[in-house]
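Q: Quick one: the structure is below, and I'll ask about it shortly.
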Amino acid sequence: MTDRLPPLNIAGFEIHKGFLDRAAQAALVEAIRGVARAAPFFAPVTPWGKPMRVRMTSAGRVGWITDRRGYRYEPTHPSGTPWPPIPQEVLAIWDAVAEDARQPDCCLVNFYGEGAKMGLHQDKDEGDFSYPVVSISLGDSATFRIGGTERADPTQSLLLESGDVVVMGGPARLAYHGIDRIRFGSSTLLPDGGRINLTLRVVA
């Protein structure tokens, strides 16, 4: 991790720019490769049957799932195998930015390939919104759109780069947010390009 600068505060989102140096980013990628070997990436669909543009997997006590049965957390990968533990390298970031919050139950891993994006949404499938959500960016830069707690609230955008960490807590915990696009090939961290986003959540 790099020497830490005070985070930016944008609409209640804490943005830790350059929180992870190149070596820490590379170590995280290797840790996530281990997660993906135990719980391979899969192509999710929405409850309405629409394919999502990201591929995903999870680590932790539970993993986040979306399919025709709805959005939810499950104790096993779609294959039926348990999710692997959250890597210690990831938990260390949570400990550094989430203050006294207890350890997360889930690390959702989303992979954005060329052309992938994520529409505005709230993280609201958890049981206790007093805990923050921590998001870690690896690989290609992305345009991150943030809004308010109502879908019709005004939005603003900022660029998230590899090594940036975002904390969504307090008034921003249920704010709408999404990824408009990635700048494919803007980073050399992933040999074939793309972006990995890790989202840490307390579920219970």
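Q: Filter the range 8-41 for residues that are over 29 Å from A172 (Cα atoms), exposed (fewer than 15 other Cβ atoms within 10 Å of the Cβ) and touching a strand residue (DSSP E or B) at 6+ places or on another chain (Cβ under 7 Å) and give the result.
A: Hit for the range 8-41 is P40, nothing else.
Q: Please count how many residues of the range 25-57 are part of a helix (DSSP H, G or I) and out of contact with any Gly (no Cβ under 6 Å at 6 or more places or on another chain).
A: Number satisfying all stated conditions: 13.
Q: Which members of the range 1-60 meet the condition of being of a type in the set (V, I, T) and either free of Cβ contacts under 8 Å to residues at least 60 places away in the same chain or closer than 24 Å to P75 by Cβ (or both)?
A: I32, V35, V45, T46, V54, T57, listed by residue number.
Q: Hey, any hits in the range 48-56 for a residue that's touching a Leu at 6+ places or on another chain (Cβ under 9 Å), more than 18 Å from V165 (Cα to Cα) and surrounded by 14 or more Cβ atoms within 10 Å (Cβ to Cβ)?
A: yes
Q: Another question, then. Can you report the number of residues in the range 2-50 which are more than 15 Å from A92 (Cα to Cα) and polar (S, T, N, Q)?
A: Going through the range 2-50 one residue at a time, the tally reaches 2.
Q: Hey, another quick one. Taking the conditions exactly as written (under 20 Å from G115 (Cα atoms) and either at pLDDT below 95 or in contact with a helix residue (DSSP H, G or I) (Cβ under 6 Å, 6 or more places away or on another chain) (or both)), does L138 satisfy them or not?
A: Yes.
Q: Which members of the range 74-129 meet the condition of being of a type in the set (A, V, I, L, M, F, W, C), crowded, with 17+ Cβ neighbours inside 10 Å and assigned to a strand (DSSP E or B)?
A: C106, C107, L108, V109, F111, M118
Q: Suppose we filter R33, R69 for residues that are out of contact with any Pro (no Cβ under 8 Å at 6 or more places or on another chain) and basic (K, R); which single one remains?
A: R33
Q: Kindly provide the set of residues from the range 173-203 that are out of contact with any His (no Cβ under 8 Å at 6 or more places or on another chain) and of a type in the set (G, A, S), ordered by number.
A: Residues satisfying the conditions are A175, G185, S186, S187, G193, G194.
The values are calculated or read from the model by the stated rules, or taken from the named source; none is laboratory data. Everything numeric here is computed off the predicted structure, so don't read it as measured data. Here the Cβ is made from the backbone with ideal geometry for all residues, glycine too, and neighbour counts use every protein chain on show.
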